[in-house]
């Protein structure tokens, strides 16, 4: 059996949450933003960045490697 904990994340539209096994979790939102949060205090983003200019469809995190899959708007 797995143990898990639910946390409120203040950003709107957090679609994907992944842990890489370390002290950070990655939260990906539908608008393409990714925020890295400390698992001890997930309410505050340590780092945030725009991974895709359109939407983020998935992300994965292993150790210090973060991979995102999403869409980019072209002109």
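The values are calculated or read from the model by the stated rules, or taken from the named source; none is laboratory data. Since this is a predicted model, take the numbers as computed values, not measurements. Please note: Cβ atoms are built from the backbone with ideal geometry, for glycine as well, and neighbour counts cover all protein chains shown.
Observations on the structure shown:
- Number of residues in the range 19-31 that are surrounded by 18 or more Cβ atoms within 10 Å (Cβ to Cβ) and touching a residue at least 40 places away in the same chain (Cβ under 8 Å) equals 2.
- Residue check, residue 59 on the phi < 0 side of the Ramachandran plot, buried (at least 17 other Cβ atoms within 10 Å of the Cβ), modelled with pLDDT under 90 and touching a strand residue (DSSP E or B) at 6+ places or on another chain (Cβ under 6 Å): no
- Among residues that are at negative phi, surrounded by 15 or more Cβ atoms within 10 Å (Cβ to Cβ), assigned to a loop (DSSP other than H, G, I, E, B) and modelled with pLDDT under 85, residue 42 is included.
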